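Please read the structure below before turning to the comments.
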Amino acid sequence: MAFDPIKALTNYADAECSVQFWVAGTEASVFASLEEAVIFARDNGAGWKDVEITVHLEHEDIVYATGKTRTLIEALRRKS
């Protein structure tokens, strides 16, 4: 199944998410939605830094690594 970034942004509009940049000494930042997490990642260098966004669900977590995070950023630009 292909990754659908617009569907992900819609499905996790109310899910707690965290953003972790892979830089020594940085802590994860927590947000109330995937869209907020994507905006934070975009505004803080996800275009050139390795980053991971985790969607925290009741029974499992979904992790979007750098490539999919960049796809989410592009989808958010198209959605706006």
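Any read-out appearing in this document is the output of simple, stated calculations on the displayed coordinates, not a laboratory observation. All figures in this text were calculated on a predicted structure; none of them were measured in a lab. As a convention, Cβ positions derive from the backbone with ideal geometry for all residues, glycine included, and neighbour counts pool all protein chains shown.
Observations on the structure shown:
- Local net charge near V23, Cβ-Cβ under 10 Å (Lys/Arg +1, Asp/Glu -1): 0
- For chymotrypsin sites (Phe, Trp or Tyr not before Pro), the sites in the chain that DSSP calls loop and that have at most 14 other Cβ atoms within 10 Å are F3, W22, W48.
- Where GluC sites (Glu not before Pro) fall in DSSP loop in segment 1-63, at most 14 other Cβ within 10 Å: E27, E58, E60
- Counting only residues at least eight positions apart within a chain, or on another chain, the aspartates and glutamates with an alpha carbon under 13 Å from that of K68 are D4, D50, E52.
- Calculated FRET efficiency, E74 to Q20, Cβ-Cβ distance, R0 = 22 Å: about 0.65 to the nearest 0.05.
- Other-chain or far-sequence residues with amide H under 5 Å of E16's (modelled H): H56
- Modelled this way, with points 7 Å down the Cα-to-C-beta line, the labels at D43 and E27 are 1.9 nm from one another.
- Tensor-based shape of the chain (alpha-carbon gyration tensor, a/c under 1.5 rounded, otherwise prolate or oblate): oblate
- Additional length obtainable on full extension of the chain from I62 to T10, 0.36 nm per residue less Cα span: 17.3 nm
- Note, ³J(HN,Hα) from phi for segment 27-32, Karplus 6.51, -1.76, 1.60, rounded to Hz, x at Gly and Pro: 9, 6, 10, 10, 9, 7
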